[in-house]
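Trainee: I'd like to ask you about the structure that follows.
The values are calculated or read from the model by the stated rules, or taken from the named source; none is laboratory data. Nothing here was measured: the structure is a model prediction, and the numbers come from that model. Cβ: placed from backbone, ideal geometry, glycine included. Neighbour counts: every protein chain shown.
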Amino acid sequence: MTLRIDYYIYYRIDAAREIALLAALADMQASLQAATGVAGRVRRRLDDPQTWMEVYEGVRNQRLFELELGSHVLSHGLNDFLAPESVRHLERFRAA
């Protein structure tokens, strides 16, 4: 049985660049899906709309996915959209 991993990546955004971030995220997630077969979703925190989360579920190849994710984040400049002092926090979960 192959272990399936779900990824949750959260961070605070620069609110002034929200529209550009949405476009960059859509492009990044499309190219990441083409490379890995894993579709992503974007969510916003209900009580803090500047906190966003990317969700990637059912990852079967952790090493490949994490290499591709890091490469795609850099090539699409996603760190440029973060609020000052913010970083991307990555959490991994599996079924119990």
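Trainee: From Leu3, Leu64, grab the single residue that is touching a residue at least 24 places away in the same chain (Cβ under 8 Å), of a type in the set (A, V, I, L, M) and in contact with a strand residue (DSSP E or B) (Cβ under 8 Å, 6 or more places away or on another chain). Walk me through how you get there before you give the answer.
Mentor: Values: Leu64 fails: in contact with a strand residue (DSSP E or B) (Cβ under 8 Å, 6 or more places away or on another chain).
Result of the check over Leu3, Leu64: Leu3.
Trainee: For residues that are assigned to a strand (DSSP E or B) and hydrophobic (A, V, I, L, M, F, W, C), scanning just region 51-80, find the one that is surrounded by the most Cβ atoms within 10 Å (Cβ to Cβ). Steps first, please.
Mentor: Going through region 51-80, the residues assigned to a strand (DSSP E or B) turn out to be 51-59.
Narrowing the set further to residues that are hydrophobic (A, V, I, L, M, F, W, C) leaves 52-53, 55, 59.
Numbers: Trp52: 22, Met53: 16, Val55: 14, Val59: 20.
By that ranking, first place goes to Trp52.
Trainee: State whether the residues of region 82-91 include one that is part of a helix (DSSP H, G or I) and touching a Lys or Arg at 6+ places or on another chain (Cβ under 8 Å).
Mentor: no
Trainee: Any residue in region 18-36 that is surrounded by 15 or more Cβ atoms within 10 Å (Cβ to Cβ) and assigned to a loop (DSSP other than H, G, I, E, B)?
Mentor: No, that holds for no residue.
Trainee: Still on this structure, please answer the following. Which one is nearest to Leu82 (Cα to Cα), of the residues in region 34-44 that are in contact with a strand residue (DSSP E or B) (Cβ under 7 Å, 6 or more places away or on another chain) and either touching a residue at least 24 places away in the same chain (Cβ under 8 Å) or not basic (Lys, Arg) (or both)?
Mentor: Val42
Trainee: For the condition more than 13 Å from the chain's Cα centre (by Cα) and either at pLDDT 95 or above or not β-branched (Val, Ile, Thr) (or both), what is the one hit in Leu64, Leu82, Leu78, Leu74? I'd like the intermediate steps shown before the answer.
Mentor: On the way: Leu82 fails: more than 13 Å from the chain's Cα centre (by Cα); Leu78 fails: more than 13 Å from the chain's Cα centre (by Cα); Leu74 fails: more than 13 Å from the chain's Cα centre (by Cα).
Selected residue: Leu64, the only one of Leu64, Leu82, Leu78, Leu74 that is more than 13 Å from the chain's Cα centre (by Cα) and either at pLDDT 95 or above or not β-branched (Val, Ile, Thr) (or both).
Trainee: Identify the residue in region 8-23 that is touching a residue at least 60 places away in the same chain (Cβ under 8 Å) and of a type in the set (Val, Ile, Thr) and, among all such residues, is nearest to Arg94 (Cα to Cα).
Mentor: So the residue we want is Ile9.
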